[in-house]
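Have a look at the structure below, then the notes.
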Amino acid sequence: MLTDSHCHLDDPKYADDLEAVLARAADAGVTRILSIGTGDGPPELDRAVRLADQYPQIYATVGVHPHDAAKVTPRSLDDLRTLAAHRKVLAVGEIGLDYHYDFSPREVQREVFIEQLKLADATHLPVVIHTREAWDDTLSILRQYWKGEGIMHCFTGDAAQAREALDLNLHLAFGGVLTFKTADNIREAARITPDERLLIETDAPYLAPIPWRGKRNEPAFMAQTARKLAEVRGVTVERIASITTANFEHLCMHSRNVTRYTEVSDGN
Ligand SMILES: [Zn+2]
Ligand SMILES: [Zn+2]
């Protein structure tokens, strides 16, 4: 059993075949999916929550992606606070900084990141962090404003950066990039991450692993990333599945009193 800790199931790319995508995920052993709720940004912040209401195996996050930071109003933060109380919302995210695209001014990205860290703290939820070409600013904000737990999603740093994130009490989630030929640095980071901080994700529809690189990604493809992670760490794929699932449950579900039992009972 595998848990996809980061996926965008609300993406229009799944509009026509979501049921088939979920069926293939189940066949591949991906029995739980955390769907990221950022969508196209405010005002519509409940896209993943609606999916979680519909499917027992889907859980949700709520948050504003750094790309959409400029769309935030005081109303958006109120909406996030309300949605965070939903029983299947397991984290605030993805939040952070993206200086690659700069779709929102950097100053605004930093403000909105900090506001959402405060919101996660107030609602007792872990955070899902997105950082791109903004490592130093992301870490300095986390050091100043964040004392809780969270996930550095789609971790693509090297071993030194992995240690910095681990020192901040964060989990590292590895995705399809781990399978790319040029990703030796990331594989080294995956090797040195302790068992209890390891997670796996797709970031689907983006970043499909080899041999689907460039195609639409989907949760079923994560089995390929799990195999690569097993090879890198010199363990079985079953071991990768069990530790990453246990870590996800410990980080995101125990504090919410959400257990596998509720997933089963939801299905009735
Ligand atoms: Zn991201
Ligand atoms: Zn994402």
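In contact with a Phe, Trp or Tyr (Cβ under 6 Å, 6 or more places away or on another chain), under 24 Å from Pro219 (Cα atoms) and open to solvent by 10 Å² or more (accessible area, probe 1.4 Å) - does that describe any residue in the stretch 66-89? Write out each step before concluding.
Step one: filter the stretch 66-89 for residues in contact with a Phe, Trp or Tyr (Cβ under 6 Å, 6 or more places away or on another chain), giving 67, 88.
Checking which are under 24 Å from Pro219 (Cα atoms) leaves us with 67, 88.
Going one step further and asking which of them are open to solvent by 10 Å² or more (accessible area, probe 1.4 Å), we end up with 67.
Yes - at least one qualifying residue is present in the stretch 66-89.
If Asp136 satisfies all but one of (1) away from ligand 1 (no atom under 16 Å from the Cβ); (2) within 17 Å of the chain's Cα centre (by Cα); (3) within 20 Å of Gly157 (Cβ to Cβ), what's the number of the condition it fails?
With (1) away from ligand 1 (no atom under 16 Å from the Cβ); (2) within 17 Å of the chain's Cα centre (by Cα); (3) within 20 Å of Gly157 (Cβ to Cβ) applied to Asp136, the lone miss is (2).
Just one of Arg227, Arg216 is surrounded by fewer than 20 Cβ atoms within 10 Å (Cβ to Cβ) and either within 16 Å of ligand 2 (Cβ to nearest atom) or touching a residue at least 40 places away in the same chain (Cβ under 8 Å) (or both); which is it?
Details: Arg227 fails: either within 16 Å of ligand 2 (Cβ to nearest atom) or touching a residue at least 40 places away in the same chain (Cβ under 8 Å) (or both).
The match here is Arg216.
So which of Gly63, Gly29, Gly39 is over 17 Å from Phe248 (Cβ atoms) and either open to solvent by 10 Å² or more (accessible area, probe 1.4 Å) or free of Cβ contacts under 8 Å to residues at least 12 places away in the same chain (or both)?
Details: Gly63 fails: either open to solvent by 10 Å² or more (accessible area, probe 1.4 Å) or free of Cβ contacts under 8 Å to residues at least 12 places away in the same chain (or both); Gly29 fails: over 17 Å from Phe248 (Cβ atoms).
Just one listed residue meets the conditions, Gly39.
Can you name the number of the only condition in (1) aliphatic (A, V, I, L, M); (2) in contact with a helix residue (DSSP H, G or I) (Cβ under 9 Å, 6 or more places away or on another chain); (3) within 16 Å of ligand 2 (Cβ to nearest atom) that Ala159 fails?
(3)
For the stretch 93-114, which positions are open to solvent by less than 70 Å² (accessible area, probe 1.4 Å) and touching a residue at least 40 places away in the same chain (Cβ under 8 Å)? Lay out the reasoning, then the answer.
If we filter the stretch 93-114 for residues that are open to solvent by less than 70 Å² (accessible area, probe 1.4 Å), which is where we start, we get 93-99, 102, 104, 108-110, 112-114.
Once the filter is applied, which keeps residues that are open to solvent by less than 70 Å² (accessible area, probe 1.4 Å) and touching a residue at least 40 places away in the same chain (Cβ under 8 Å), the stretch 93-114 yields Gly93, Glu94, Gly96, Leu97, Gln109, Val112, Phe113.
Within the stretch 148-169, take every residue that is within 16 Å of ligand 1 (Cβ to nearest atom) and touching a Pro at 6+ places or on another chain (Cβ under 9 Å) and give me the one that is nearest to Tyr206 (Cα to Cα).
Out of the qualifying residues, it is Ile151.
Let me confirm something: among Leu90, Leu80, Leu34, which residue is modelled with pLDDT of 95 or more, within 16 Å of ligand 1 (Cβ to nearest atom) and touching a helix residue (DSSP H, G or I) at 6+ places or on another chain (Cβ under 8 Å)? Let's see the steps before the verdict.
Values: Leu90 fails: within 16 Å of ligand 1 (Cβ to nearest atom); Leu80 fails: within 16 Å of ligand 1 (Cβ to nearest atom).
When all the criteria are applied, what remains is Leu34.
Scanning the stretch 170-182 for residues that are away from ligand 1 (no atom under 16 Å from the Cβ) and surrounded by 15 or more Cβ atoms within 10 Å (Cβ to Cβ), which turns out nearest to the chain's Cα centre (by Cα)?
Within the stretch 170-182, the first condition is being away from ligand 1 (no atom under 16 Å from the Cβ), and the residues that meet it are 179-182.
Then drop every residue that is not surrounded by 15 or more Cβ atoms within 10 Å (Cβ to Cβ), which leaves 179-180.
Values: Thr179: 18, Phe180: 20 Å.
Applying the filter and picking the extreme gives Thr179.
Return a yes/no flag: does the stretch 210-231 have any residue that is within 16 Å of ligand 1 (Cβ to nearest atom) and out of contact with any strand residue (DSSP E or B) (no Cβ under 8 Å at 6 or more places or on another chain).
No; the residues of the stretch 210-231 include none that is within 16 Å of ligand 1 (Cβ to nearest atom) and out of contact with any strand residue (DSSP E or B) (no Cβ under 8 Å at 6 or more places or on another chain).
Of all residues in the stretch 131-157 being surrounded by fewer than 14 Cβ atoms within 10 Å (Cβ to Cβ) and acidic (Asp, Glu), which is farthest from Arg187 (Cα to Cα)?
For the stretch 131-157, the residue satisfying everything is Asp136.
One residue is enough: does the stretch 8-19 have a residue meeting the conditions open to solvent by less than 10 Å² (accessible area, probe 1.4 Å), in a helix (DSSP H, G or I), within 15 Å of ligand 2 (Cβ to nearest atom) and in contact with a Lys or Arg (Cβ under 9 Å, 6 or more places away or on another chain)?
Applying the first criterion (open to solvent by less than 10 Å² (accessible area, probe 1.4 Å)) to the stretch 8-19 yields 9, 14.
Narrowing the set further to residues that are in a helix (DSSP H, G or I) leaves 14.
If we keep only those that are within 15 Å of ligand 2 (Cβ to nearest atom) as well, we get 14.
Still in the list and also in contact with a Lys or Arg (Cβ under 9 Å, 6 or more places away or on another chain): 14.
Yes, that holds for at least one residue.
Of everything in the stretch 31-60 that's away from ligand 2 (no atom under 16 Å from the Cβ) and assigned to a strand (DSSP E or B), which residue is nearest to the chain's Cα centre (by Cα)?
This residue is Arg32.
Which of the residues that make up the stretch 183-208 are among the β-branched types (Val, Ile, Thr) and open to solvent by 10 Å² or more (accessible area, probe 1.4 Å)?
To start, the set of residues in the stretch 183-208 that are among the β-branched types (Val, Ile, Thr) comprises 186, 192-193, 200, 202.
Hits for the stretch 183-208 are Ile186, Ile192.
The values are calculated or read from the model by the stated rules, or taken from the named source; none is laboratory data. Model, not experiment: these values are computed from the prediction. Cβ sites come from the backbone with ideal geometry, for glycine too, and all protein chains shown count toward neighbours. When the accessible area is computed, the model is the full protein with side chains, heavy atoms only, and any ligands, DNA or RNA have been set aside. Shrake-Rupley method; radii C 1.70, N 1.55, O 1.52, S 1.80 Å.
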